[in-house]
Amino acid sequence: MTDLSDLKNELNPEQYEAVMTTEGAILIIAGAGSGKTRVITYRIANMLNKGIPQSAILALTFTNKAAKEMESRIKEMTQKKLQNLTVSTFHAFGVKVLRQDIDKLGWRDNFSIYDETDRNSLIKETGRELKYTDEALDIYKIGGLFSDIKTGRKTWNSENSMYKELYEGYQEGLKLFNAVDFDDLITLPIQLFREHPDILQKYKDRYKYIMVDEFQDTSHQQYEFMRLLSDKNVAVVGDDDQSIYSWRGADYLNIVNFEKDFPNVKEIKLEQNYRSTGTILEAANGVIQHNTNRKEKKLWSGNGEGKPIEVYYPDNEATEADFIIECINSIALTEKRKYSDFCVLMRSNSQSRPIEEAFLSENIPYTMSGGTSFFQRKEIKDIISYLRVISNHDDDVNLLRIINTPRRGIGRVTLEKLNEIAKENSCSLWDAMKSNFTVDEENAEVDLFGEVLTEIESDDFSDDAMDGMREFIEIIEGGKNMLGGHGLAKKVKAFVDEIRYYDHLLGESPKSPKAAQYKMMNIESLIKSIDVWESNPDTTDATLYNYLNRITLLSRDDYEEEDTGKVNLMTIHASKGLEFPVVFIAGAEDDIIPHARAVEEGGDAAVEEERRLFYVAITRARDKLYISACQRRRRHSFAQKDGDAQGPVQDAGNECKPSRFLDEIPKSLVQYHEPAKVVEADEAKKILDDMIKKFRKPIVPGFAR
DNA sequence: CGTCTCCAGGTTTTT
DNA sequence: CCTGGAGACG
């Protein structure tokens, strides 16, 4: 265990105070790079050292990444097993609470958690039933509205009341299917605590010390959740300048509320930056100063001035990618840096493609964190849907996804009929389906994939449909039996074989078996992740339920093994809390950052948030920062395979302007990368290539390339 | 009644 | 490229 006796020398006075103040309410305003993680880690270590039991501590974070990071740092520092320490995201903690007591609210404990996609299909389905016309159904917008309603950000008014019925239908659907959505993971525990003070008390008795990281990103609901749980020892850590989730309900004014709700708050400001060079910090300050509504802070650095910030205006996104790679390669060589010292930041995931392609073609190892979540991939969702239906038969949304995947003769008409039955009886599709069969209970135990279902005579369904339904029921019930107990990974693998999913994939894309293989590979890595999870000694109860509960809240970062030696590629949002020696901000163009859509919808407030994003991006860098802004960019750059230009020239993309935030960086800190140079280099290369061609031709005709 | 094929659109950030 | 939807086909 690290020696804590020397804390005073290891920490600056403010940090020291934050670490030592374990009792009462404390608000730590931690500027970027001010050693926040260090303080949190030391603080918890200190608490454990003082004899506060692990089980009394609850640390809530916003992302899984942060939770994991915090836990591993504490582990490393204390060298203790942390079996009883709770470090968790708000959502994951909500799941934990619900798993215990959701029955009090009318759900069963094998509830499914619906992600956005699931939610949207439920809305769509409900809308169809309620006969909303297609034009009125902008699912994307409605999904957002429902979330706002549920979390109290919006109320019904004349403008949106037309969706009220749909909302109610949606809610009924959730309950009927024994499912909850992401928002429910916070709102339902709150409801539970309100309606059952005894349950709340149980938690209050246990968690005497609560800590919330990234406090500026908590929503009202999350704040309320925390407030209910907390007794008197509450530490919140945050930085209003890094609040970048207001679009999801985050409100840094919670900081103000906190001071109101908890008397005698001790406020500590950490303003010394240990991370970045003076240049980088000054640039960051220059940018963030333009925001009007912020707590005044004066971040300062004892580090040297460092190297200038390099700004480059490449022609297009391909040139940008080349530029990044060139820099990485040259710095890696001259400064003996590992690839993992580099990070490329983007505003949106869609920017990653050209960069990834360039990395691939140059054989530079990279990891992309975030991105379209692994669990959003179709093939993964399919398998997960099977597992979900196995664990919760009433989960209609997931059932619909797989009932005819692979094909088993259950089409639109059959489903409509089933739906009819389900509606009449207020039951799930599963029950509707089951009502066409009687089960031979005696044989059921013995022969799970055999003939245990007897059809009830029915004119409603064709023989094919009946066969399909029987097959499906048997698969699910067989799966249920098969997937109980331990050795989940192996069993899932067997199950995937059982349903012949690979054949299905091959059938889906007959022209490219490669695509099918790739998808199968993803499934293998899903299975691998199950294996990793269940063989982890920290996993106490490796059941299918627990696995499913967990994964909906994960992105793929959370199970990929630590990547060393790879360039990091991620969105700015995903980079929060991280730092890297060399950082690239790609696509620093107006309309990307600030994002056009954000500005359009949110006006000035949105610009301020985008500025904070830019600030977060800048402050990830320790030594060197590169910023690039393309002069032209293709919006959806995927087409264009064969390089030969025969198509119309408009393919060059739209013209772009450099981000307005670039102007907010003091010029004296910036060094412009000469675009001309690169053009020259290109031309030089062309000339050289021509020369080589000319030179070679006569000598070895046919071999010139 | 189910499946196959062709077509359009791609939606900012994440739990 | 990838997905989801509409409409034709058998």
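Nothing in this text is a laboratory measurement; each read-out follows from the coordinates by a stated rule. Remember, predicted model here, so these are calculated numbers, not experimental data. Neighbour counts are summed over all protein chains in view; Cβ atoms, including those assigned to glycine, are modelled from backbone coordinates with ideal geometry.
Observations, loosely collected:
- Longest segment of chain A lacking chymotrypsin sites (Phe, Trp or Tyr not before Pro) that sit in a DSSP loop with at most 16 other Cβ atoms within 10 Å: A:450-637
- Overall, the ratio between the Cα radius of gyration of the range A:109-264 and 2.2 N^0.38 Å, rounded to two decimals, is 1.19.
- Other-chain or far-sequence residues with amide H under 5 Å of A:THR89's (modelled H): A:THR61
- Kirkwood Rh in Å, taken over the range A:72-159 so that all alpha-carbon pairs contribute: 16.6
- Per-bin percent of Cα-Cα distances, chain A [20 Å]: 15, 45, 32, 8, 0
- Between amide H atoms placed 1.01 Å from N, distances below 5 Å from A:THR218 occur with A:ASP251, all of them 5 or more places distant or on a separate chain.
- Using the Cβ-Cβ distance between A:ASP205 and A:LYS68 with R0 set to 41 Å, the FRET efficiency works out to roughly 0.90.
- Reference-scaled alpha-carbon Rg (2.2 N^0.38 Å with N residues) for the range A:453-558: 1.33
- Of the Cα atoms belonging to the range A:365-413, the radius of gyration and Dmax stand at 13.9, 49 Å.
- Long-range lysine pairs (8 or more apart or interchain), the range A:99-201, Cα under 14 Å: 7
- Working note: Karplus 6.51/-1.76/1.60 with θ = phi - 60° gives the range A:27-33 the couplings 10, 10, 8, 10, x, 4, x Hz, where Gly and Pro are set to x.
- Footprinting exposure proxy ranking of A:GLU609, A:GLU674, fewest other C-beta atoms within 10 angstrom first, gives A:GLU674, A:GLU609.
- With 10 Å bins from 0: P(r) over the range A:195-332, alpha-carbon pairs, percent: 9, 27, 26, 20, 11, 6, 0
- Alpha carbon Rg of the range A:23-85, scaled by the compact-globule rule 2.2 N^0.38 Å: 1.11
- Restricting attention to chain A, close to 10% of DSSP beta bridges with both partner residues there are antiparallel.
- For chain A, relative contact order (Cα pairs under 8 Å, six or more residues apart, normalised by length) works out to 18 percent.
- The range A:64-136 versus the range A:479-527: alpha-carbon centroid distance in Å: 25
- Chain A: calculated mean residue ellipticity at 222 nm from DSSP helix runs of at least 4, using -39500 (n - 2.57): -15000 deg cm²/dmol
- Which of A:ARG108, A:ARG227 has the fewest Cβ neighbours within 10 Å, and the rest in rising order: A:ARG108, A:ARG227
- The lysines whose alpha-carbon is closer than 17 Å to the alpha-carbon of A:LYS624, local same-chain residues fewer than 8 away aside, are A:LYS307, A:LYS336, A:LYS338, A:LYS667.
- The charge dipole of chain A, taken about the Cα centre with unit charges on the Cβ atoms of Lys, Arg (+1) and Asp, Glu (-1), comes to about 2460 debye, rounded to the nearest 20.
- Each residue of the range A:73-85 is assigned a 3J(HN,Hα), and the resulting list reads 5, 5, 4, 4, 6, 8, 6, 10, 6, 10, 4, 10, 7 Hz, derived from the Karplus form 6.51 cos²θ - 1.76 cosθ + 1.60 (θ = phi - 60°), x at Gly and Pro.
- Proxy reagent accessibility, fewest Cβ within 10 Å first, across A:VAL265, A:VAL397: A:VAL265, A:VAL397
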